[in-house]
Amino acid sequence: MRHRLKWGSIILAMTAGALLAHHSPSAEFDMTKRLTIAGTLTKVDWINPHIVVSIDAKSDRGKIENWRFESNPPSWFRRVGVSRSEIARGIGQPVTVEAVRAKDGSLYGYMQKLTLADGTSWELVNATEK
Amino acid sequence: MRYGLLFVFLTALMLAQAPKTIHPDLSGIWSYGIDLPPAAIKKQINGKVTIEGVKHDAVATIRPVAGASPFTATPSYKPELRAKAKDLLDHESKTDQVFYCGKPGIPRIGPPRKIVQTPNEMIFLYEDISGDPYRIIPTDGRSHRANADPTYYGDSVAHWEGNVLVVDARNFVEDTWFGEDGYFHSDAMRVTERFWKDGANLIYQVTVDDPKVLTAPWTMAPRVVKPSAEPLEESPRCVEADSKRLTNNDHHGQR
């Protein structure tokens, strides 16, 4: 029944801006390291408590790796006017993801920005930028 | 004899014509009660950039309300149980089943997203990541169900006190919390929910009583729930995938 308080404290604590989760972001992600991954969008899971997109990307050694990136909840995306189908139309196509990486070193992160091949992009920003 | 019959007839006529008590109509779609990230999204489509945030005027808020009961910030646990409540709070991301897509129960789920009011019952519909529960609450004066098994959303009956709908919910399973900060309860928990209208808004205030664990009933801050035009949508399934990567027990701030 407590509401704004914790989201508010999370966003105040963030220097990167709009990374949000159903847990404290810094408990899972290294907020200081933003990475960019280019690859092929293979899957868009519109699930709670976070949507998840999957990307096949080539490692430095040429091996295909499957990265997964979570982001805000589906109910949030609905309320900022983004539907799964808008993003899912990029499946099978090259995309770029900007994210912060999980601290455990797995191929996992919190998505900050997704850009499709045609230049369409969605980026989490501070609400104050509006 | 003749006058007696006339008296009976006139009495019956008066009763039939007496105005029925008109209760406020709480029916409608109400704003999403669960807090959402305050972030906005910056979209670039065909070179056009827009920034869209969650409309906070369409989100339930907590603020002082005339007519609300006095409330306190936290419940008062019995001294011997305070350590347990603190331990649950300190390890919330491990101990809170809502973190793992579990049902929040009442009152943690908050006010309903949609209310359908009929002469003899209230139908509450909810959106929640654990599923989209409903409650059908008799208002015809009947008692709680006998021999019902305990459930996450309990067994509820309601009545009107003036313009206030008072819902009496009980018979809960023990594994929910009544607040996100480790507020555990026993099988004796009773939840009293009060609903009334304040202009176009719906006011929702809850009192939790559990004499097995609390020193006194706990009344929460009232919630102001705004009318909404957003239709209810089926909540996508919930798959918890973060817990194995968490490096500490920080709070999750979900609800």
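Check B:F178 against each of (1) over 28 Å from A:P49 (Cβ atoms); (2) touching a strand residue (DSSP E or B) at 6+ places or on another chain (Cβ under 8 Å) and name the one condition it does not meet.
Looking at each condition in turn, B:F178 falls short on (1).
Can you work out which of the residues in the stretch B:146-161 that are assigned to a loop (DSSP other than H, G, I, E, B) and in contact (Cβ under 8 Å) with a residue 24 or more places away in the chain is surrounded by the fewest Cβ atoms within 10 Å (Cβ to Cβ)?
Step one: of the stretch B:146-161, the residues assigned to a loop (DSSP other than H, G, I, E, B) are B:146-150, B:152-154.
Retained after the next criterion (residues that are in contact (Cβ under 8 Å) with a residue 24 or more places away in the chain): B:150, B:152-154.
Details: B:P150: 13, B:Y152: 18, B:Y153: 21, B:G154: 23.
Among them, the one singled out is B:P150.
Being of a type in the set (S, T, Y), closer than 20 Å to B:F99 by Cβ and within 13 Å of the chain's Cα centre (by Cα) is the filter here; which residues of the stretch A:41-92 pass it?
As a first pass, look at the stretch A:41-92 and keep what is of a type in the set (S, T, Y): A:42, A:54, A:59, A:71, A:75, A:83, A:85.
Subset that is closer than 20 Å to B:F99 by Cβ: A:71, A:75.
Answer for the stretch A:41-92, where residues must be of a type in the set (S, T, Y), closer than 20 Å to B:F99 by Cβ and within 13 Å of the chain's Cα centre (by Cα): just A:S71.
Do you know which residues across the stretch A:85-126 are surrounded by fewer than 16 Cβ atoms within 10 Å (Cβ to Cβ) and under 28 Å from B:P231 (Cβ atoms)? Walk me through how you get there before you give the answer.
At the first step, the residues of the stretch A:85-126 found to be surrounded by fewer than 16 Cβ atoms within 10 Å (Cβ to Cβ) are A:85, A:88-89, A:91-94, A:104-106, A:117-119.
Within the stretch A:85-126, A:S85, A:A88, A:R89, A:I91 qualify.
How about the stretch A:61-129: which strands (runs of 3 or more DSSP E) wholly inside it have at least 1 residues that are more than 12 Å from chain B (Cβ to nearest Cβ) and within 29 Å of B:S130 (Cα to Cα)? Walk me through how you get there before you give the answer.
Values: elements: A:64-70, A:94-102, A:108-116, A:121-125.
In the stretch A:61-129, the matching strands (runs of 3 or more DSSP E) lie at A:64-70, A:94-102.
Looking at the stretch B:173-183 only, could you name the residues that are surrounded by fewer than 20 Cβ atoms within 10 Å (Cβ to Cβ) and on the phi < 0 side of the Ramachandran plot? Before you say what the answer is, go through the steps one by one.
Residues of the stretch B:173-183 surrounded by fewer than 20 Cβ atoms within 10 Å (Cβ to Cβ): B:173-175, B:181-182.
Across the stretch B:173-183, the qualifying residues are B:V173, B:E174, B:D175, B:D181.
Considering only residues that are at pLDDT 95 or above and either surrounded by fewer than 18 Cβ atoms within 10 Å (Cβ to Cβ) or closer than 22 Å to B:K244 by Cβ (or both), which ones fall in the stretch A:21-39? Give the derivation first.
First, the residues of the stretch A:21-39 that are at pLDDT 95 or above: A:36-39.
If the condition is that a residue be at pLDDT 95 or above and either surrounded by fewer than 18 Cβ atoms within 10 Å (Cβ to Cβ) or closer than 22 Å to B:K244 by Cβ (or both), then A:T36, A:I37, A:A38 are the ones that fit.
What number of residues in the stretch B:61-119 are β-branched (V, I, T) and closer than 20 Å to B:T192 by Cβ? Walk me through how you get there before you give the answer.
Going residue by residue through the stretch B:61-119, those that are β-branched (V, I, T) are B:61-62, B:65, B:72, B:74, B:95, B:98, B:106, B:109, B:115-116, B:118.
Narrowing the set further to residues that are closer than 20 Å to B:T192 by Cβ leaves B:62, B:65, B:72, B:74, B:106, B:109, B:115.
Counting residues in the stretch B:61-119 that are β-branched (V, I, T) and closer than 20 Å to B:T192 by Cβ gives 7.
Take residues that are closer than 25 Å to B:I136 by Cα, free of Cβ contacts under 8 Å to residues at least 40 places away in the same chain and more than 14 Å from chain A (Cβ to nearest Cβ) and tell me which of the strands (runs of 3 or more DSSP E) falling wholly in the stretch B:162-255 contain 2 or more. Even if it seems obvious, please write down each step before you answer.
On the way: elements: B:164-170, B:190-198, B:201-209, B:223-225.
Filter on the stretch B:162-255 gives B:164-170, B:190-198, B:201-209.
Within the stretch A:46-60, count every residue that is surrounded by fewer than 19 Cβ atoms within 10 Å (Cβ to Cβ), within 8 Å of chain B (Cβ to nearest Cβ) and in a strand (DSSP E or B).
The qualifying residues number 1.
Tell me whether the stretch B:41-51 contains one or more residues that are more than 30 Å from A:T120 (Cα to Cα) and either at pLDDT below 95 or of a type outside the set (D, E, K, R) (or both).
No - not one qualifying residue is present in the stretch B:41-51.
Keeping to the stretch B:105-130, report how many residues are outside any loop (DSSP other than H, G, I, E, B) and at pLDDT 95 or above. Walk me through how you get there before you give the answer.
Pass one, the stretch B:105-130, residues outside any loop (DSSP other than H, G, I, E, B): B:114-117, B:121-125, B:128.
Pick out the ones that are also at pLDDT 95 or above and you get B:114-117, B:121-125.
Total satisfying the criteria: 9.
What number of residues in the stretch B:90-104 are within 12 Å of chain A (Cβ to nearest Cβ) and either buried (at least 21 other Cβ atoms within 10 Å of the Cβ) or assigned to a helix (DSSP H, G or I) (or both)? Quick ask: steps written out before the conclusion?
Here is the first cut: in the stretch B:90-104, the residues within 12 Å of chain A (Cβ to nearest Cβ) are B:92-94, B:96, B:98-102, B:104.
In the following step, the residues that additionally are either buried (at least 21 other Cβ atoms within 10 Å of the Cβ) or assigned to a helix (DSSP H, G or I) (or both) were identified as B:92-94, B:96, B:98-99, B:104.
Of the residues in the stretch B:90-104, 7 are within 12 Å of chain A (Cβ to nearest Cβ) and either buried (at least 21 other Cβ atoms within 10 Å of the Cβ) or assigned to a helix (DSSP H, G or I) (or both).
Restricting attention to the stretch B:24-40, which residues are assigned to a loop (DSSP other than H, G, I, E, B) and modelled with pLDDT of 95 or more? Can you show your working first?
If we filter the stretch B:24-40 for residues that are assigned to a loop (DSSP other than H, G, I, E, B), which is where we start, we get B:24-27, B:31, B:33-39.
B:P24, B:D25, B:L26, B:S27, listed by residue number.
The values are calculated or read from the model by the stated rules, or taken from the named source; none is laboratory data. Here the structure is a predicted model, which is why all the values come from computation and not from measurement. Neighbour counts are summed over all protein chains in view; Cβ atoms, including those assigned to glycine, are modelled from backbone coordinates with ideal geometry.
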